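One structure is given below, encoded as structure tokens.
Any read-out appearing in this document is the output of simple, stated calculations on the displayed coordinates, not a laboratory observation. Remember, it's a predicted structure, so these values are computed and weren't measured experimentally. Positions of Cβ are generated from backbone atoms using ideal geometry, with glycine treated the same way; all protein chains shown enter the neighbour counts.
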Amino acid sequence: MNLRTGIDLVEISRFGDLREDLRARFIERVFTEAEITLCHGRDERLAGRFAVKEAVAKALGCGIGAVSWQEIEILRGEQGEPLLILHGKAQVLAEELGLVEWSVSISHTHLHAVGLAVGLGE
């Protein structure tokens, strides 16, 4: 069995503290249109998805750079749970590592958001 994990913690205020012009460019570079729609501009939602993207990259063993932000997409499942969709290089890397199942989780307080990713394979 192959089990890989990643975790990341983000200060939510980092999103609110961005200048408006930088914030718009940052959001467009990091998040897919579907993610932007799901977040409704709410800093805690953006921070949570950002943390999960970082956590997934850590579980893949590569960090952001080897894969791009938008190749790791965090949507919603049928019950409202975070749902991971991998694209491009991220998907290829997961396949090369034999990771076929993923579980991701997001939580936040008023100060911090945390993202957890677990990949499982053979």
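For each of 17, 43, count neighbouring Cβ atoms within 10 Å of the residue's Cβ, then give the residues from fewest to most.
Details: 17 11, 43 20.
Ordered from fewest to most neighbouring Cβ atoms within 10 Å, 17, 43 come out as 17, 43.
If you build a Gaussian network model of the chain, linking Cα atoms that sit under 10 Å apart, which residue out of 13, 68, 105 swings the most?
Of 13, 68, 105, the most mobile in the Gaussian network model is 13.
Just check the stretch 78-122 against the gyration tensor rule for me: Cα atoms, a ≥ b ≥ c as the square roots of the eigenvalues, rounded for a/c under 1.5, and otherwise prolate or oblate depending on whether a/b exceeds b/c.
Prolate shape, in that a/c is at least 1.5 and a/b is the bigger ratio.
For Rg/Rh (Cα atoms, Kirkwood Rh), pick the label among (1) 1.04; (2) 0.96; (3) 0.92 that corresponds to the value derived from the coordinates.
(2)
Going by alpha carbons, how many degrees (0 to 90, nearest 10) lie between the helix axis of 43-60 and the longest principal axis of the chain?
20 degrees
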